[in-house]
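K.L.:
The structure follows.
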Ligand code: HSE
């Protein structure tokens, strides 16, 4: 049997410690599959004294991850530090420059520097592998890059952030507040160090930018993604969606259109009958719509130590076997630039929730503004006021929720109609608008 692959791991948080455990647990099977053993020979982390529940005796300790990356004691560098600059970037660059393959789970860094790092890996003839960077334990990178190589992909969309799906699921099922659900997600270790990355949609955007490149042969570019988070979603929206046969999910969607590749992250209404609607809690799911397979959905754990370690170990196993794919499926020189498609040009159905002053003519005025622009309504629902009718009918100005679902139209048409509705003076506050994604 060939010499074992010597692995150096930088970052010993939940994922790093789980990788060490999994490599130990699967040592015999991995050696049999790869034709060589896999051995962690060196590590680097901030605090040497911390008990991580793994045996580090006989493993060389480096305080500096760049020194580990440059070390002659390792053949492969695994980066699990996180962050899009600083030690993560410096150590990956050092490892690649010194001719070592790299495995990373760092989606933020790949979204920002993926192209230059892939080019460096290409120049040095080494691997840059990142299965763990998108959707945790779901092997979506290999699925797109290798498994679906015979397909032209039309659309990739999915739930790519466990924290947001956990928050939306608990709000819907248990009627809990946004803040309480976020605090639980942080306590359970799902959320990023800065949870704005999760709830603001940025973590999903980083992952989507990576998937878009793999699916459509474009250069990774997070700046080309339209991003909206889940902060504006209320219990009223979740309840209305439920009654109308939909669920609200934070989706990342990349789609080939006649205007180019549309990349967007936003709260989305999905029909309750769709595979993606059934995905609750911290679970992730990705649906791929392609010409040969039609539709394929992968569902699995999107965060957590062992699930993410599973993806890291899969990459390590490939490198032990000598497999080296182009990181984004194509040589970097032929990846096309991803143009940002303005969201105003998006076409689809819309959910609109308005707070309407309850007086004669309000509903007719709203319907007129829609009809003037050829917007066709699939449904319209007006809730009863919270108070008894008799007491407030005379005031004639109580705001009641009115929910509309439209058939497909363009975003610019919807925005224009709503501007006119606001000017008419029948509604209080700003309209809530959520895009609908149909199968
Ligand atoms: N914060 C991320 C999530 C972790 O909630 O999905 C996995 O990338």
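The values are calculated or read from the model by the stated rules, or taken from the named source; none is laboratory data. Note that the structure is predicted; figures quoted are calculated from it, not measured. No Cβ is skipped: glycine too gets one built from the backbone with ideal geometry, and neighbour counts run over all protein chains shown.
K.L.:
Within the group 81, 20, 74, 92, which residue is more than 29 Å from the chain's Cα centre (by Cα), crowded, with 21+ Cβ neighbours inside 10 Å and either in contact (Cβ under 8 Å) with a residue 60 or more places away in the chain or not in a strand (DSSP E or B) (or both)?
P.N.:
On the way: 81 fails: more than 29 Å from the chain's Cα centre (by Cα); 20 fails: more than 29 Å from the chain's Cα centre (by Cα); 92 fails: more than 29 Å from the chain's Cα centre (by Cα).
The unique qualifying residue is 74.
K.L.:
A further question follows. Determine whether the stretch 38-46 contains at least one residue that is surrounded by 15 or more Cβ atoms within 10 Å (Cβ to Cβ), under 21 Å from residue 325 (Cβ atoms) and outside the structural domain of residue 209 (by TED's automatic domain parsing). Even if it seems obvious, please write down each step before you answer.
P.N.:
Step one: filter the stretch 38-46 for residues surrounded by 15 or more Cβ atoms within 10 Å (Cβ to Cβ), giving 38-45.
Checking the rest, the ones that are also under 21 Å from residue 325 (Cβ atoms) come to 38.
The next check asks that each one be outside the structural domain of residue 209 (by TED's automatic domain parsing); those that pass are 38.
Checked against the condition, which is being surrounded by 15 or more Cβ atoms within 10 Å (Cβ to Cβ), under 21 Å from residue 325 (Cβ atoms) and outside the structural domain of residue 209 (by TED's automatic domain parsing), the stretch 38-46 yields at least one hit.
K.L.:
Restricting to the stretch 282-300, and then to whatever is at pLDDT 95 or above and within 16 Å of the ligand (Cβ to nearest atom), can you tell me which residue is nearest to residue 337 (Cα to Cα)?
P.N.:
Taking the candidates together, the pick is 286.
K.L.:
Among the residues of the stretch 133-187, count how many are within 18 Å of residue 111 (Cα to Cα) and within 10 Å of the ligand (Cβ to nearest atom).
P.N.:
Count: 7.
K.L.:
Further question on the same structure: Mind listing whichever residues of the stretch 243-268 are more than 18 Å from residue 208 (Cα to Cα) and either assigned to a loop (DSSP other than H, G, I, E, B) or in contact with a helix residue (DSSP H, G or I) (Cβ under 7 Å, 6 or more places away or on another chain) (or both)? Walk me through how you get there before you give the answer.
P.N.:
Keep residues of the stretch 243-268 that are more than 18 Å from residue 208 (Cα to Cα), which gives 243-248, 258-259.
Passing the criteria: 245, 247, 248, 258, 259.
K.L.:
Residue under question is residue 156, and the condition is that it be in contact with a strand residue (DSSP E or B) (Cβ under 7 Å, 6 or more places away or on another chain) and closer than 16 Å to residue 206 by Cβ; does it hold?
P.N.:
Details: in contact with a strand residue (DSSP E or B) (Cβ under 7 Å, 6 or more places away or on another chain): yes; closer than 16 Å to residue 206 by Cβ: yes.
The answer is yes for residue 156.
K.L.:
A further question follows. Kindly evaluate residue 326 against the criterion of being in a helix (DSSP H, G or I), in contact (Cβ under 8 Å) with a residue 24 or more places away in the chain and surrounded by 14 or more Cβ atoms within 10 Å (Cβ to Cβ). Explain how you work it out, then say what you get.
P.N.:
Values: in a helix (DSSP H, G or I): no; in contact (Cβ under 8 Å) with a residue 24 or more places away in the chain: yes; surrounded by 14 or more Cβ atoms within 10 Å (Cβ to Cβ): yes.
Answer is no for this residue.
K.L.:
Mind listing just one residue for me: the one in the stretch 111-147 that is in a loop (DSSP other than H, G, I, E, B) and within 20 Å of the chain's Cα centre (by Cα) and, of those, nearest to residue 205 (Cα to Cα)?
P.N.:
134
K.L.:
Any chance the stretch 101-109 includes a residue that's in the same structural domain as residue 233 (by TED's automatic domain parsing), buried (at least 18 other Cβ atoms within 10 Å of the Cβ) and either free of Cβ contacts under 8 Å to residues at least 24 places away in the same chain or within 15 Å of the ligand (Cβ to nearest atom) (or both)? Before the answer, list the steps.
P.N.:
Of all residues in the stretch 101-109, those in the same structural domain as residue 233 (by TED's automatic domain parsing) come to none.
No, the conditions are met nowhere in the stretch 101-109.
K.L.:
A further question on this structure: Select from the stretch 198-219 the residues that are touching a residue at least 40 places away in the same chain (Cβ under 8 Å) and not in a helix (DSSP H, G or I) and write down the one among them that is surrounded by the fewest Cβ atoms within 10 Å (Cβ to Cβ).
P.N.:
217
K.L.:
Given the criteria under 30 Å from residue 34 (Cβ atoms) and within 16 Å of the ligand (Cβ to nearest atom), does residue 265 qualify? Even if it seems obvious, please write down each step before you answer.
P.N.:
Working: under 30 Å from residue 34 (Cβ atoms): no; within 16 Å of the ligand (Cβ to nearest atom): yes.
It is false that residue 265 is under 30 Å from residue 34 (Cβ atoms) and within 16 Å of the ligand (Cβ to nearest atom).
K.L.:
Here's another thing I want to ask about it. Could you tell me whether the stretch 30-41 includes any residue that is assigned to a helix (DSSP H, G or I), away from the ligand (no atom under 16 Å from the Cβ) and under 23 Å from residue 304 (Cβ atoms)? Even if it seems obvious, please write down each step before you answer.
P.N.:
Looking only at the stretch 30-41, we keep the residues that are assigned to a helix (DSSP H, G or I), and these are 30-34.
From the residues that got through so far, the ones that are away from the ligand (no atom under 16 Å from the Cβ) too are 30-34.
Now restrict to residues that are under 23 Å from residue 304 (Cβ atoms): 30.
For the stretch 30-41, residues assigned to a helix (DSSP H, G or I), away from the ligand (no atom under 16 Å from the Cβ) and under 23 Å from residue 304 (Cβ atoms): present.
K.L.:
Next question. Test residue 236 against the criterion of being touching a residue at least 12 places away in the same chain (Cβ under 8 Å), within 29 Å of residue 186 (Cα to Cα), over 16 Å from the mean Cα position of the chain (by Cα) and surrounded by fewer than 23 Cβ atoms within 10 Å (Cβ to Cβ), and give yes or no.
P.N.:
Values: touching a residue at least 12 places away in the same chain (Cβ under 8 Å): yes; within 29 Å of residue 186 (Cα to Cα): yes; over 16 Å from the mean Cα position of the chain (by Cα): yes; surrounded by fewer than 23 Cβ atoms within 10 Å (Cβ to Cβ): yes.
Here the answer is yes, as residue 236 does meet what is asked.
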